[in-house]
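A quick write-up on the structure given underneath.
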Amino acid sequence: MKLLEEVQLKLVSSIKGKDLLTLLDYSSEEVQDLISLATQLKKITKAGRCPKLLEGKTLGMIFEKHSTRTRISFEVGMNQLGGKAMFMHSRDMQIGRGEPISDTGHVLSGYLDAIMIRANSHEMVKELAEHASIPVINGLTDLYHPCQALADLETIAENKGSLKGLKIAYVGDGNNVAHSLVVAAAHVGMDVVVATPVGYEPDANIISKAQEIAKTNGSLVTVTNDPIAAVKNADAVYADVWTSMGQEEETAKRLIDFKGYQINDDLVSHAKPDYMFLHCLPAHREEEVSSSVIDGPNSYIFEQAENRLHAQKAVLASILA
């Protein structure tokens, strides 16, 4: 009972009942507390004593895109917390046949305690959240991947001891993963540099908002086209695929445009010797990252993947418990 009381006291109570669409909607304190709670829940789970904080709660999971880590981590997370999760592919629902998103939000609110959605359009997820009377969690959209970013920083914090003042370099496409990473890093006082080819830079408006957050936390968010400058003295180096789902027709062009942006032994030689390599997975070895790096001693990709489970438990418990 004492253990349960301690965990409940450390939940991020300010986000109870709140949507998680983007970490821009959360305060720096809330982001930092979620990362700490994720680490705490991980330790308790490893000891076989995960508290059943969500007993009687049901999470509905809507998928427009295929998934390994998102589906399994949310489903297992709900189970470990004593709740249940329901998998729903959009093609099997009425939204796959044209039912308005607003109607779907109203209907699901009568059945579920929360919705997690992995979707193509961020605007669609915003509309769902607007009409649902229960919390909506963004499992991935074209603009953001907030749950991934929480797991990323949890992994760094566990291995580096702290986050503030560290430098993370993201090299690759300025996509949804990059957007959420810069926002999360800004919240915890990390310096973050994004290096992309010309024309693949992250959304300027999102970068501007992240820079405002970083300024209040004494850190910097910068964008460059020079991967060496980005990686120089970095504590962590991050990669994502060059061609995301839905962009397959651009593969040939992207392979040309991203030449020189592979994270390999030459590039990481500019980082700190004890740098951490991170990748949100799935990875294309010998494309965005060499096998020598992703399978090398500085790689933390599988711990990072596991931490999706614990970061999401922190979110679920705080929003629903």
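The amide H of A321, built 1.01 Å from its N in the peptide plane, has no neighbour under 5 Å, considering only residues 5 or more places off or on other chains.
The magnitude of the dipole of the chain, with charges of +1 and -1 set on the Cβ of Lys/Arg and Asp/Glu and taken from the Cα centre, is near 1060 debye. Taking label positions 7 Å along the Cα-Cβ direction at both Y111 and N233, the computed distance is 5.5 nm, reported to one decimal.
In terms of the Cα gyration tensor, with a ≥ b ≥ c the square roots of its eigenvalues, is region 148-304 rounded because a/c is under 1.5, prolate because a/b exceeds b/c, or oblate? Verdict is oblate for region 148-304. In a reduced charge model with +1 at each Lys and Arg Cβ and -1 at each Asp and Glu Cβ, region 113-206 shows a dipole moment near 300 debye about its Cα centre. Mean residue ellipticity at 222 nm, helices only, the chain: -13000 deg cm²/dmol; runs of at least 4 DSSP H residues each add -39,500 (n - 2.57), and the sum is divided by the number of residues. Remark: region 148-304 carries a charge dipole of roughly 540 debye about the Cα centre, counting +1 on each Lys and Arg Cβ and -1 on each Asp and Glu Cβ.
What trypsin sites (Lys or Arg not before Pro) does region 284-321 have in DSSP loop regions with at most 10 other beta carbons within 10 Å?
Counting only loop positions with at most 10 other Cβ atoms within 10 Å, none of the trypsin sites (Lys or Arg not before Pro) in region 284-321 qualifies.
Sorting H310, H122 from the fewest to the most surrounding beta carbons within 10 angstrom yields H122, H310. Taking 0.36 nm per residue of sequence separation and removing the Cα-Cα distance, the S291/S162 pair yields an extension gain of 43.6 nm. For region 148-304, the tally of Lys pairs with Cα-Cα distances below 15 Å comes to 6, considering only residues 8 or more apart or on different chains. Going from the residue with the fewest nearby Cβ atoms within 10 Å to the one with the most, T251, T58, T22 rank T251, T58, T22.
Inter-label distance, L255 to E29: 5.1 nm, where each label sits 7 Å from its Cα along the C-beta direction. Here's how it looks for V194: its modeled amide H is under 5 Å from those of Y170, T222, V223, T224, which are all 5 or more places away or on a different chain.
Give me E249, E212, E154, E306 ranked fewest to most by other Cβ atoms within 10 Å of their Cβ, as a rough exposure proxy.
E249, E212, E306, E154
In order along region 83-91, the phi-based Karplus estimate (6.51 cos²θ - 1.76 cosθ + 1.60, θ = phi - 60°) of 3J(HN,Hα) comes to x, 10, 10, 10, 7, 9, 7, 4, 5 Hz; Gly and Pro are listed as x. Positive end of the dipole of the chain (Cβ unit charges, origin at the Cα centre): among N159, A214, G56, the Cα lying farthest that way belongs to G56.
Here's how it looks for D295: its modeled amide H is under 5 Å from none belonging to a residue 5 or more places away or on a different chain.
FYI, it's all coordinate maths here, none of it is from the lab. The structure presented is a predicted model; accordingly, all values stated were derived computationally and were not measured. Virtual Cβ from ideal backbone geometry, glycine too; neighbours counted across all protein chains shown.
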